[in-house]
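What follows is a single structure, written as structure tokens, with notes after it.
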Amino acid sequence: MKISSVLLLLVGVVAGGAASYGWFAHQTATVSAEQKTVERKILYYRNPMGLADKSPVPKKDSMGMDYIPVYADEAQAQPAERKVLYYRNPMGQPDKSPVPKKDSMGMDYIPVYADAAPAEQGSVSIDATRRQNLGVMSVVVKTAQLDRQIKAVGMFAVDERRQYTITSKLDGWVDKLYVNATGQQVKAGQPLFELYSPELIVAQQEYRIARQTQPNVDADKLSPAGLGGAALTRLRYWDIPTAAINRLAAGGEVKRTLSLQAPSNGIVMTKNITQGMKFNAGEALYQIADLSQLWLLVEVFEQDLAAVQVGQTVQVKVNAYPAETFTGKLAFIYPTMNAETRTVQVRIELDNQQGKLKPGMYAEARLQVPISAQGQLVIPESALIDSGHRQVVLIDQGNGKYVPRKVQVLARGEVQNGERQIAISGVQAGEKVVTQANFLIDSESNLQAAFSSMGGQ
């Protein structure tokens, strides 16, 4: 009885084990079959760096990285593939390509997709604290007249219209000398010296006698051939003052000397006269010049001549007064050109009431002339980011948002108040451009654009 029970138990265990094995084997076979049935299908292999190129077969990129397989079930689950509009330069230069390419350094061009807003490409947002720390500053684009500066060098000279030569119309001697030094300042009507001449004394006596014998005859009606008429003619020829002639006619005494006076205010430039010397009629005794106004004669190059016009205001600098700027007016353009230097002489007239400017002093003339007839869009040069191949400005859109904008420089003005103004295209009047910390913002813009293109694809 016991033996029979044991046998029955063994048979049951064996049968149960066989049944369990059969179930496990069945399940294993089923899983293997299912795995074979649902094997994943590879559509293509994509670039491991997110670039747009792909391959139908396994391959490696230039860095030795394997292309990543894209399966059919993944493609169905993923959104539709983004459309590439073009490929832009990885260094931010303005060139672009319709197909994938590399720049001169071997860097891949970055794809720009149709669903990306062009205005937002490379934009940067900076919070208020960072803006303050960076010292970001912006100015408004405005329309203005841009000028350029013509520089010319020259020398001060005496105004030829204010230069006088003192001579005598009769022979004589210097009886008394009043102005006896070169450089001495004189005023109009001031006596220069007393002239003694026997001829002068004789002519006075003759005229006096004639008037005493013909008191009722008008002086202008005296016979030129007569004694009185001849004497009067000589006196007038010698520039004897009318008051002195009338005094003689009234019986006044004969003057032994004649006073020669300064014709204008000025400075004695040359003096060819000494006390007691004898001189001849027509001999130059003094050179007097009025230096209250001077000429600046400068040489203007041929290529700048068209921009130079009579009446223009000119700024003048001299080494003697480096902190001062003198203002003159362009008065005359000489009609001939120096064939050797290819320059034309120009005359500038300057006020010199203070006497700071001296004839013979060198000076630099600066003439502001308009670059164009109409106003242009003007910004400070500090707002321009120019790499030689790339010219951009950063547009301040407010609330800490900055967008790079490609521009073209049309003209450069002169430095004024430590800042040069430039005329550009590619912006609009009223927009704001960054003038300080713009290089830092531009660098961050390029970096963000590069990271976006690498991580988003």
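Among the residues of the range 289-335, those identified as of a type in the set (S, T, N, Q) and over 14 Å from Lys356 (Cα atoms) are Gln303, Gln309, Gln312, Thr313, Gln315.
Tallying residues that are within 30 Å of Lys329 (Cβ to Cβ) and touching a strand residue (DSSP E or B) at 6+ places or on another chain (Cβ under 6 Å) within the range 370-387 yields 5. For the range 137-171, the tally of residues that are over 30 Å from Leu357 (Cα atoms) and either in a helix (DSSP H, G or I) or in contact with an Asp or Glu (Cβ under 8 Å, 6 or more places away or on another chain) (or both) stands at 7. Restricting attention to the range 271-305, the residues being surrounded by fewer than 13 Cβ atoms within 10 Å (Cβ to Cβ) and not in a loop (DSSP other than H, G, I, E, B) number 3. The numbered conditions (1) under 28 Å from Gln185 (Cα atoms); (2) out of contact with any strand residue (DSSP E or B) (no Cβ under 7 Å at 6 or more places or on another chain) are all true for Arg390 except (1).
Yes/no per residue for (1) within 50 Å of the chain's Cα centre (by Cα); (2) crowded, with 16+ Cβ neighbours inside 10 Å; (3) more than 20 Å from Pro263 (Cβ to Cβ):
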site: Arg162; (1), (2), (3): yes, yes, no
site: Ser168; (1), (2), (3): no, yes, no
site: Asp175; (1), (2), (3): no, yes, yes
site: Val186; (1), (2), (3): yes, yes, no
site: Leu195; (1), (2), (3): no, yes, no
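The residue of the range 326-369 that is surrounded by the most Cβ atoms within 10 Å (Cβ to Cβ), among those that are among the polar types (S, T, N, Q) and closer than 12 Å to Leu296 by Cβ, is Asn352. Only one of the numbered conditions (1) more than 30 Å from Leu200 (Cβ to Cβ); (2) of a type in the set (S, T, N, Q); (3) surrounded by fewer than 18 Cβ atoms within 10 Å (Cβ to Cβ) is violated by Gln261, and that is (1). Which residues, taken from the range 306-325, are under 23 Å from Glu160 (Cβ atoms) and either under 22 Å from the mean Cα position of the chain (by Cα) or surrounded by fewer than 11 Cβ atoms within 10 Å (Cβ to Cβ) (or both)? Within the range 306-325, Val308, Gln309, Gly311, Gln312, Thr313, Val314, Val316, Val318 meet the criteria. Tallying residues that are free of Cβ contacts under 8 Å to residues at least 60 places away in the same chain and over 18 Å from Asn338 (Cβ atoms) within the range 286-312 yields 4. Of the residues making up the range 312-331, those that are among the polar types (S, T, N, Q) and not in a strand (DSSP E or B) are Gln312, Asn319, Thr325.
Quick note: the coordinates plus some simple rules give every number you see, no bench work behind them. Given the structure is predicted, the values throughout are model-derived calculations rather than measurements. Glycine gets a Cβ as well: all are built from the backbone with ideal geometry, and neighbour counts include every protein chain shown.
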